[in-house]
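Take a look at the structure below.
The values are calculated or read from the model by the stated rules, or taken from the named source; none is laboratory data. Since the structure is predicted, the reported quantities are computational estimates derived from the model, not experimental observations. Quick reminder, even Gly has a Cβ in these numbers, built from the backbone with ideal geometry, and neighbours come from all protein chains shown. Note: accessible area is taken over every heavy atom of the protein model, side chains too, but ligands, DNA and RNA are not part of it. Shrake-Rupley method; radii C 1.70, N 1.55, O 1.52, S 1.80 Å.
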Amino acid sequence: MIFDFSIVTQWFDGLLRDTLGLGDFWSILIECVLVGALILTGYALLAIALIFMERKVCAYFQCRLGPMRVGPWGIFQVFADVLKMLIKEIFFVDRADKFLYALAPFLVIAGSVGTFSFLPWNKGAHVLDFNVGLFLITAISSIGVLGVFLAGWSSNNKYSVVSAMRAAVQMISYEMSLCLCLITAVILTGSMQVSSIVDYQTGPWNWLIVKGHIPAIIAFVVFLIAGNAEANRGPFDMAEAESELTAGHHTEYSGMGFGFFYLAEFLNLFIIAGIATTVFLGGWAPVNVGVEAFDEVMNYIPGIVWFLGKTFAVVWLLMWVKWTFPRLRIDQILKLEWKYLMPLALINLVLMTVVVALGLYIK
């Protein structure tokens, strides 16, 4: 059986309250600080891994080697880039809105870290797990849209403003399809709580794309397309079209101001893949096929390994898409959403409702 990490958290809580005799206030404060430190550490380490992975995948598709000089196979190149970014001067643009200019990167990071906190890494290993979890995920992720728009508007740069308007309208538009796909999953599982959705998918052939068959597969594919656009990733990266808008909404940022946008872009990719894994691919649940010997071996693999393995597989798929398809025009991006994806997601939502009402899903 998959190890339940809540045993560790309950032991640690008992250590603080009973063994050390700390009250509720100090126990909760220490736990919150430790959890916050773990989230930020995991966030930073995953960003480093994803940046290195992106460069190597990009190089592979373009028949190049990618980073090779700093460290073996170039594994320390990202650390060198992080150091360079940390020591770069942070400057403010003349006649920019200083407060909003400084606030925008933190809004982007706040939305990203807040959504990141909902990912279930293992059984019992989730930071936030409310009964309306999927609703809160979509709500908190929307903070990033505000940060992107404020970054462009406050920079006093016409290219940044155009980029911010493109990014905002794109992200707001594709949130519609994302939400409809998540609602489709909620109809089948009967819950918006992230842990309950994963528990629903434990057992032989219990992934949502298997149990919900056609409507669940359609929702999964639409979710990946809309998620790619929501993260401003290619081929939906018109907001950062270098030939037109230089670096887009973060053109006027330097040092860690720019670094926050850079980190959020890569972690948003991981978050989209993580949510897709959690909702449609069983999350930390192992692959079980109903063969006792095989299932027993699979159950020995830790849940966090399953979660990271599935998530990075989806990340690789999204990177494949980025480095394969050409960039779309902004009118094509919006047409894809409003004329095709959203109507398809609405029809699929009705189809899933019919499937569940008639009991046509795999039990």
Is it true that some residue in the range 284-307 is modelled with pLDDT of 90 or more and under 30 Å from residue 240 (Cα atoms)?
no
Among the residues of the range 83-91, is any open to solvent by 60 Å² or more (accessible area, probe 1.4 Å), outside any helix (DSSP H, G or I), touching a residue at least 40 places away in the same chain (Cβ under 8 Å) and on the phi > 0 side of the Ramachandran plot?
no
For residues that are more than 13 Å from residue 275 (Cα to Cα) and in a helix (DSSP H, G or I), tally how many sit in the range 187-207.
6
Only one residue in 131, 122 is out of contact with any Leu (no Cβ under 8 Å at 6 or more places or on another chain), open to solvent by less than 30 Å² (accessible area, probe 1.4 Å) and touching a residue at least 40 places away in the same chain (Cβ under 8 Å), so which one is that?
122
Farther than 28 Å from residue 295 by Cβ, assigned to a helix (DSSP H, G or I), modelled with pLDDT of 90 or more and of a type in the set (S, T, N, Q): is that true of residue 177 in this structure?
yes
Give the range 267-308 a look and list any residue that's under 28 Å from residue 40 (Cβ atoms), in contact (Cβ under 8 Å) with a residue 24 or more places away in the chain, open to solvent by 10 Å² or more (accessible area, probe 1.4 Å) and not in a helix (DSSP H, G or I), or say none.
281, 284, 302
Just one listed residue, out of 75, 137, 48, is touching a Phe, Trp or Tyr at 6+ places or on another chain (Cβ under 8 Å) and open to solvent by less than 30 Å² (accessible area, probe 1.4 Å), and it is 137
What are the residues in the range 232-265 that are on the phi > 0 side of the Ramachandran plot and buried (at least 22 other Cβ atoms within 10 Å of the Cβ), if any?
232, 248
Take the conditions open to solvent by less than 30 Å² (accessible area, probe 1.4 Å), closer than 22 Å to residue 272 by Cα and hydrophobic (A, V, I, L, M, F, W, C) and apply them to residue 178. Does it pass?
yes
In the range 208-231, anything of a type in the set (Gly, Ala, Ser) and either open to solvent by 30 Å² or more (accessible area, probe 1.4 Å) or assigned to a helix (DSSP H, G or I) (or both) is listed as 216, 219, 226, 227, 229
Scan the range 100-119 and tell me whether some residue there is under 30 Å from residue 286 (Cβ atoms) and of a type in the set (Phe, Trp, Tyr).
yes
Restricting to the range 140-163, what's the tally of residues that are farther than 18 Å from residue 230 by Cβ and either without any contact (Cβ under 8 Å) to a residue 12 or more places away in the chain or part of a loop (DSSP other than H, G, I, E, B) (or both)?
5
Tell me, please, whether a residue that is in a helix (DSSP H, G or I), of a type in the set (Val, Ile, Thr) and modelled with pLDDT of 90 or more can be found in the range 128-139.
yes
Of everything in the range 52-68 that's out of contact with any Leu (no Cβ under 9 Å at 6 or more places or on another chain) and within 18 Å of residue 313 (Cα to Cα), which residue is most open to solvent (accessible area, probe 1.4 Å)?
60
Could you tell me whether the range 30-49 includes any residue that is closer than 30 Å to residue 284 by Cβ, free of Cβ contacts under 8 Å to residues at least 60 places away in the same chain and not in a helix (DSSP H, G or I)?
no
Within the range 1-29, restricting attention to residues that are aliphatic (A, V, I, L, M) and either over 30 Å from residue 203 (Cβ atoms) or in contact with a helix residue (DSSP H, G or I) (Cβ under 9 Å, 6 or more places away or on another chain) (or both), which residue is most open to solvent (accessible area, probe 1.4 Å)?
1
Unique match (being of a type in the set (Ser, Thr, Tyr) and either at pLDDT 90 or above or within 30 Å of residue 72 (Cα to Cα) (or both)) among 41, 9:
41
Among (1) without any contact (Cβ under 8 Å) to a residue 40 or more places away in the chain; (2) over 20 Å from residue 274 (Cβ atoms), residue 62 falls short only on (1)
